[in-house]
Amino acid sequence: MELSLPAHSLPFLLAYVLLLMVGAIMKACRIAQTRLLWLAGLRMSLQLVLAGFVLTWLFAHPHPLLTCAWLAVMTAFTIRTVLGRHPGLNPRFRFCVAVTLAACGLLSTFFFVTCIARQNALNPQYVIPLGGMLMGNAMTGLSLALKSFETALDGQRLRIVTLVNLGVRPQRILFPLVRTALETALLPTLNSMLGMGIVFLPGMMTGQILAGAAPATAILYQGSIMMAICATVCLTVLVALLWGYRSLWDADLCIRLP
């Protein structure tokens, strides 16, 4: 298994000079996350090299089972990352988050590959990178939403308990927090869409142009994937929270806050 790199790939190693510069600045400013920077840089490099070897072999020997295995690992890692950042969720809420993230991410991926890109649903050259973008953004959006939701629950604990004692239904109390969390999750994607094409050229479009694709083709793919990302984040967050927040009260309508 051979990972062939372009002949001019050596200058790209100079990008690590930029990482060293960031590390020097963080150390000079006594920022406590300097060690995390080195760990993240090393882990990113190793993961990218490993992914390059695996994808090179997988694209040369495509097989539906191997593609499904990659998607399963990617989905499991995504779920583990989200749940690992929010250990305070109750088991039922965690189950709702896991199922929703997997279902919405994979359904969006297969819809984009088959209906928009018009490729085989398990074509690794399409389903793996596109699925990674959709699942990755859903993971980020859901993490932001859960953080916003948990912060609101903690900050409004006294208000929530008071309203429950006054007889207000849990749905009326908690749904505004869901709405705020959804807004928080969508904001980064919406801001990216606002500045796209004028302020910056996004990664997918830049990569296609650098690979020699016509700008018109790159524009079509980038516009489509951004709309798919927006829809995936929205559906994942909405379904996960609307399904999961019902685990916060029992049959007697008593709220159990984490």
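Readers should treat all values here as calculations from the given coordinates under stated rules, not as data from a laboratory. Since we're looking at a predicted model, the values are computed, not measured. Heads up, the Cβs are rebuilt from the backbone with ideal geometry, glycines too, and the neighbour counts pull from every protein chain shown.
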Placed amide H near N120: partners under 5 Å, 5+ positions off or other chain: none
Ordering of 182-189, 139-146, 155-162 by packing [mean C-beta count within 10 Å, highest first]: 139-146, 182-189, 155-162
Dipole magnitude (debye, nearest 20) for the stretch 64-248, charges at Cβ of Lys, Arg, Asp, Glu: 580 debye
Stokes-Einstein D in µm²/s, Kirkwood radius over Cα pairs - the stretch 13-61 at 4 °C with 1.567 mPa s viscosity: 105 µm²/s
Integer Hz, Karplus 6.51/-1.76/1.60 couplings in order for the stretch 154-169, x for Gly and Pro: 5, x, 10, 4, 5, 5, 5, 4, 4, 5, 5, 5, 7, x, 6, 5
Residue order, fewest to most beta carbons within 10 Å, for F111, F59, F93: F59, F111, F93
Separation in nanometres of the label points that stand 7 Å from Cα toward Cβ, at T180 and I31: 2.8 nm
Spacing of the two label points (7 Å from each Cα toward its C-beta) at N120 and L158, in nm: 6.3 nm
Ranked I173, I225, I31, criterion: other C-beta atoms within 10 Å, fewest first: I31, I173, I225
Neighbour-limited loop hits for trypsin sites (Lys or Arg not before Pro), the stretch 71-128 (at most 14 other Cβ within 10 Å; DSSP other than H, G, I, E, B): R118
Over the stretch 6-96, equivalent-ellipsoid semi-axes from the Cα gyration tensor in Å: 31, 27, 6
Ranked list, fewest to most other Cβ atoms within 10 Å of each Cβ, for C96, C29, C68: C29, C68, C96
Highest-first arrangement of 50-57, 38-45, where packing means the average Cβ count within 10 Å: 50-57, 38-45
Ratio of Rg to Rh over the stretch 64-248 (Cα coordinates, Kirkwood Rh, two decimals): 1.04
Distance in nm between pseudo-label sites at L190 and A72 (7 Å out along the Cβ direction from Cα): 3.9 nm
Fully extended contour minus Cα-Cα distance, from R92 to L50, at 0.36 nm per residue: 11.6 nm
Per-pair calculated FRET efficiency, R0 = 45 Å: L18 and R246 via Cβ, rounded to 0.05: 0.45
